[in-house]
Amino acid sequence: MKTAILSLFLFIQLFSYSAILAQSKAQLEINQFIDKTKAVMGQPDSMLYYADLAYQKAKTINDTKGLATAAKFKGVANYFKSDFKASLKHYQEALKLFSTLKDTVEIAKANLNIATTYSASAEHQYTITYALKALKLFEKIGDENGQGRVNNLLGMVYFEQANYKQAITYFRYYLRNALHVKDLNETASAYNNIGSTFTSLNKIDSAIYYLQLARQKNIEINNLPANTPVLINLGELFIKKRNYQRAIIYLNEALTISEKIGNQDLKMKAFYNLAYAHTKTGMLTLAEKEFKNALQIAQTLNDKEILYNSYAELAKLQQQKGSYKEAYENINKAFILKDSVLFLNNQKSLQELQTKYETSKKEQQITNLNQKNLIQALKIKQRNLYLLIAGVVLTLVVIGAYFVYQKKREKEKQLILKARLEKQILAEQARQKMQSEKVRISRELHDHIGSYLTFINNAMTGMVENKTQDYDKINQVQQLTTETIKELRKTVWLINKEAVSVEELAIKLRDFFKSISFLTVIDEGQTDKIIDATKATEIFRIVQEAVNNALKHSQASLIDVKLEVSDKQLNIMITDNGKGFKEADITAGFGLDNMKNRAANIGGVLHITSDFHTGTNINVIIKLS
């Protein structure tokens, strides 16, 4: 009997030891598969192969950590393959498993991975949700590197949504994290991101300050390839400041680096901006050569925007040199590309609108789901209450429940009818607003762009029928074409927006009048105040009409446009130092009645004061809601 018991004990011990050995062997294989997955990082197919082997092996021994790690790497591999749906599935599984293990570090990383994947899919609402979860966990464990990655991601998301002020906030947090951990690469990246955002805000001096810091950091860490786009941005900013010599220095440096690293896209942009800067300094022969270099690369890359701009600028330059035949050929090439460039810009605008629509739609779905969950929870509470009362007085509860049920049904019917009515009202309001926008856009296109195109068509037809090469006429047509493109861009900009801030309107005015060296546009006060697109259009036209009058009639050498915003009103002042006029003496060509009518259409008032010695002041006061 003792011998049998001893044999049984030895068998159990041997079986347990064998099981431990088998589990250890399986664990070793899992670790080996994970190591192989890391070794082929960046090769998604190989990563998936080894990560799946690790996953299957971990499944056989119920190794939660092995399953979580393998799922994470499967998510990474699918992200590399741009299969974001599969990537999210694996990341969500990894998050669930790491949550079971209560591994805070991995939970934070999983939330960041999910946020990054949603960002790649342009699903910004989910990106922000998961990124904030990750940020909270990284702050809890004091991981500055993790906080920096999340803050940078949030900055990028808000930048893509054109919420530049919020983007600046998160990029500054990102910079703070990078400085704390003394990571020079991340510090350079943060400076660059802040500078790029200030560029989008048209805060030129601030943009230059941060981009120069980014350039200096990249030089310290010998990361010259990263400096190329920074140098090109600095060149473009100094061109805006009309400091062309400084711009040429930065752009030449960018050209040298782009040639070394073989980046054709950056090389093309450097050539184009250099050519533009050289035209402004009078170095026309060099500028012509650089425009042609930019064109050659743009043709290889099929960059229609650079092609269009280069042909147009080259035509202007050749016209200045008296090479009219070449100028005519290049302006024709630009005309051919014009529609393609406009189409690309419109496509980009449509994609932005689609992204906004999808984001809004998903937010509404989340709201609806939360409402359904709330209603379900209320129903459960009511049912429990009814059961409790039923235990006390069954008959009374039945009568009471029936009464409550009938009342609830009636209320629900009323709510449904009310919801349908509100839906119909909203739909009608939307239809009326859309119709109003169509009429406004049609009027803009007919009044301005239509008249320009009619003149261009008549002029070109006359030259063809008379078989003449009237270069003055060609020059006039070219100038009018440029005005047409400006008008069209302005109209498209307003079409794509339901409303704009006063600051945005001021930026557009500066861009529209940038060719007039003695004209300045100033915005003061609460410039983040929002005005709808209709008001913005009328204000733009009033300013345009007033400036045109000053240019045509006043012989002014200084024109100031000032937009002053307070809590309740927008005050627009257009002043010039030219020769004034008496209002009784003016002709229809001044368009003053037209300006007054435009101001009245948006609930504003226009006042004009003019003096032969001090010039003219036009003041428009518009109430803000």
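Please treat every number below as a calculation from the coordinates, not as lab data. None of the values given here were measured: they were computed from a predicted structure. Don't worry about glycine lacking a Cβ; one is built from the backbone with ideal geometry, like all the others, and counts go over all protein chains shown.
Tabulated data
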{"quantity": "Normalised alpha carbon radius of gyration of the stretch 127-202 [divisor 2.2 N^0.38 Å]", "calculated": "1.04"}
{"quantity": "Formal net charge of residues neighbouring residue 46 (Cβ-Cβ distance under 14 Å; K, R +1; D, E -1)", "calculated": "+1"}
{"quantity": "Gain upon complete extension [residue 326, residue 619; 0.36 nm per residue less C-alpha separation]", "calculated": "100.8 nm"}
{"quantity": "Pair residue 289, residue 406: separation of 7 Å Cα→Cβ label points (nm)", "calculated": "9.6"}
{"quantity": "Distribution of pairwise C-alpha distances over the stretch 499-625, 10 Å bins, in %", "calculated": "13, 47, 33, 7"}
{"quantity": "Cα centroid separation - the stretch 60-78 against the stretch 138-197, whole Å", "calculated": "30"}
{"quantity": "Restricting the stretch 133-186 to trypsin sites (Lys or Arg not before Pro) in coil, as DSSP defines it, with at most 11 other Cβ within 10 Å", "calculated": "182"}
{"quantity": "R0 of 45 Å, Cβ-Cβ distance residue 125-residue 59: FRET efficiency to nearest 0.05", "calculated": "0.85"}
{"quantity": "25 °C / 0.890 mPa s Stokes-Einstein diffusion coefficient of the stretch 98-239, Kirkwood radius on C-alpha pairs, µm²/s", "calculated": "157"}
{"quantity": "Interatomic Cα distance distribution for the stretch 25-98, bins of 5 angstrom, percent", "calculated": "3, 21, 30, 25, 15, 5, 1"}
{"quantity": "Note, ³J(HN,Hα) from phi for the stretch 280-295, Karplus 6.51, -1.76, 1.60, rounded to Hz, x at Gly and Pro", "calculated": "6, 9, x, 8, 5, 5, 5, 4, 4, 4, 6, 4, 5, 5, 4, 4"}
{"quantity": "Fully extended contour minus Cα-Cα distance, from residue 172 to residue 31, at 0.36 nm per residue", "calculated": "46.8 nm"}
{"quantity": "Percentage of interatomic Cα-Cα distances in the stretch 171-314 larger than 28 Å", "calculated": "21"}
{"quantity": "FRET efficiency, 1/(1 + (r/R0)^6) with R0 56 Å, evaluated for residue 594 and residue 221 via beta carbons", "calculated": "0.40"}
{"quantity": "Computed lengthening from residue 265 to residue 552, 0.36 nm per intervening residue step minus Cα-Cα distance", "calculated": "99.1 nm"}
